[in-house]
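Here is the structure we will look at.
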């Protein structure tokens, strides 16, 4: 028994996946939710397309085994619908909590300030290391690639650590 798949269903599935994944990559939580819903519907459509042709009911009927439809894809689709509903409810709760507890500033995901501080420290460390390399090359008198003066490396420490060190030395 040869079955043909509708090209319109395949194109609809591809468009749902494409738009859904595009929305999932956005920073707005509402768009992430909409993208998740579209990807869930595209997955249901994929399961429907892969299930094969329609046939007689698997429970009632006197049809031969070759004419009975497979109930497993239907169970997969129902399970996918339930999972999509549960995750969507969870995402809606996150969106609501974010909106209520972040001073009503919208639903976009913002960068964490501590992550920005770590990135700034990494950039500052790279700049200091580059400056030390430039300084070392300035003191290479004989051209052997080595610094001709004796130096000890200075660690890069934050302002808070420097203040603690000063307080420890002063007995505070």
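The values are calculated or read from the model by the stated rules, or taken from the named source; none is laboratory data. If you're wondering where the values come from, they're calculated on a predicted model, not measured in any experiment. Note that each Cβ is placed from the backbone with ideal geometry, even for glycine, and that neighbours are counted across all protein chains shown.
Worth a mention:
- Complete set of residues in segment 93-126 that are exposed (fewer than 12 other Cβ atoms within 10 Å of the Cβ), part of a helix (DSSP H, G or I) and modelled with pLDDT under 75: 113, 114, 115, 116, 117, 118, 119, 120, 122, 123, 126
One line per residue, one yes/no per condition, for (1) in contact with a strand residue (DSSP E or B) (Cβ under 7 Å, 6 or more places away or on another chain); (2) at pLDDT below 85; (3) surrounded by 12 or more Cβ atoms within 10 Å (Cβ to Cβ):
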residue	(1), (2), (3)
8	no, no, no
11	no, no, no
19	no, no, yes
22	no, no, yes
68	yes, yes, yes
82	no, no, no
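- Each residue in segment 18-33 was checked for being under 22 Å from residue 97 (Cβ atoms) and in a helix (DSSP H, G or I), and 7 of them qualify.
- Checking the stated criteria, residue 90 turns out to be under 18 Å from the mean Cα position of the chain (by Cα), surrounded by fewer than 16 Cβ atoms within 10 Å (Cβ to Cβ), assigned to a helix (DSSP H, G or I) and modelled with pLDDT of 90 or more.
- Qualifying residue in segment 40-53 (condition: at pLDDT below 85, touching a strand residue (DSSP E or B) at 6+ places or on another chain (Cβ under 7 Å), farther than 25 Å from residue 93 by Cα and assigned to a loop (DSSP other than H, G, I, E, B)): no
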